[in-house]
Amino acid sequence: MSSPQGVCRVCERDFEVRFRYQVREEAGSYLYVCSMVCQQRLLAGAEETCDRSLDEAPAGCVCGVCSASFVLEYPFQVAVNDGERRYYCSTECRAAEAERRQTTSGLIAPARQARRIAVFNHKGGTGKTTTSVNLAAGLAEAGYNVLLVDADGQGNVGASLGIRGEKTLYHVLVHGLPPEDAAIPVRKGLDVITSNETLAAAELHLAQRSGRDRVLRERLGTLGDSYDVVVLDCAPALSLMNQNALVYADSVIVPVSCDYLSLVGVKQVLKTLRNVRELLKHDVDIVGVLPTFYDARNRVARDAVEALRKHFGDKCLPPIRVNTRLREAPTAKQSIFEYDAECHGATDYRQLVQHVMTAAPRAGHASREAHHGMAQSA
């Protein structure tokens, strides 16, 4: 089946419609744009606040909230009220404007935003994907609407749940595909945006953009209140993709396998979170450091958990015990709660879910305490 044809509203060129942003309904008729550049020109309109030419995308728009200059790229960045155009550099500024309007008009405050939890560690083999999948599945089982985002090009989330998305995180980041169009419903209350090897190409795209560490936040900022929690499975790397994930997240869970080298790696994680706070101006709360592959019979494992408790106090979460059923669950394309709800692995991850449900994010405060504690011990 061929794609529909359209005539671009801006340049009047005939083209084949391939992406959702290229067509929208307005005043009972369909409006087409052939490219992101033409969409930008259409959004900018004829206002003097955007300096346009025929060969370039609009530049120099001024945010009506923070007065920052920015390039107009997305529909949410422009609003028309009573014939007046207002421009917003980010979803945060648009939300702040909406809150101000509602406060001054005596209306109810806007709906709450989703919790955004990144499961992150630079070191591989610490159980990040296992934790991401089972945390998301456990929250969905508890009645929350959850979006699980695979931010790792290895695509292990999809492999663990037996799904392969036609559209992936690459399409969201590079083509501006609405995240709802890439999300795959896999369980009641659980949707997944998958990834594959094309995510490496997405990183190259991000590297060429201004505000390159905030693209994921802008793209997923359109979700509104569709979800209660967004869980991001991060790659074991120092990467631009991980910067995007951390700038989007409001909190982080750090899985740490119970061995000496993993303890050394925690310092690098804390350094990265400090850089996000100080250089990228975004506070991220540490929900907790999660010991994984814990075997109480092993002295190294016991010592590792003791060291984490010493440095992190109550931010060191109850450990995830070594469990054969946890290793077997991905081969059945199931979460641990579906595969064996009574095993140690299910018990331990259910305890993590309970902690996340009861822990409110306190951006910056806990992460600064954690940095201070680790710095003293270094």
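The values are calculated or read from the model by the stated rules, or taken from the named source; none is laboratory data. None of these values were measured; they are calculated from a predicted model. Glycine also receives a Cβ, built like all others from the backbone with ideal geometry; neighbour counts cover every protein chain displayed. Ligands, DNA and RNA are excluded from the accessible area calculation, which covers all protein heavy atoms including side chains. Shrake-Rupley method; radii C 1.70, N 1.55, O 1.52, S 1.80 Å.
State the percent of C-alpha pairs, over all pairs in region 185-314, separated by a distance greater than 20 angstrom. Could you put the intermediate results ahead of the total?
On the way: 4582 of 8385 pairs.
Cα-Cα pairs in region 185-314 separated by more than 20 Å: 55 percent.
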For region 151-195, calculate the relative contact order in percent as a whole number, restricting contacts to Cα pairs under 8 Å that are 6 or more residues apart.
46 percent
Å² of accessible area per residue within region 131-259, as computed with a 1.4 Å probe and no ligands counted
34 Å²
Filter the GluC sites (Glu not before Pro) in region 152-225 down to the DSSP loop ones having no more than 13 other Cβ atoms within 10 Å, then list what survives.
E166, E197
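Just the number, please: carbon plus sulfur as a percent of the accessible area of region 216-310, 1.4 Å probe, no ligands or DNA/RNA counted.
Details: 1930 of 3750 Å².
Answer for region 216-310 is 51 percent, counting heavy atoms of protein chains only.
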Whichever lysines have a C-alpha closer than 19 Å to that of K333, once near sequence neighbours (fewer than 8 apart) are set aside:
K128, K188
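Tell me the per residue accessible area of region 283-359 using a 1.4 Å probe; a whole number in Å² is fine. Kindly include the intermediate steps, with their values, before the conclusion.
Working: 3950 Å² over 77 residues.
So region 283-359 comes to 51 Å² accessible per residue, rounded to a whole number.
In region 125-166, what percent of the accessible surface is made up of carbon and sulfur (1.4 Å probe, ligands and nucleic acids excluded)? Show your work: numbers first, answer last.
Details: 520 of 1410 Å².
Answer for region 125-166: carbon and sulfur cover 37 percent of the accessible area.
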Residue-wise, which Karplus ³J(HN,Hα) couplings in Hz belong to region 322-337, taking 6.51 cos²θ - 1.76 cosθ + 1.60, θ = phi - 60°, and x for glycine or proline?
4, 8, 4, 5, 5, 6, 7, 4, x, 5, 8, 6, 9, 6, 5, 6
Prolate/oblate/rounded label for region 215-263 (Cα gyration tensor, a/c 1.5):
oblate
Suppose every Lys and Arg Cβ carries +1 and every Asp and Glu Cβ carries -1, with no other charges. What dipole size does region 177-226 come out with about its Cα centre, to the nearest 20 debye?
100 debye
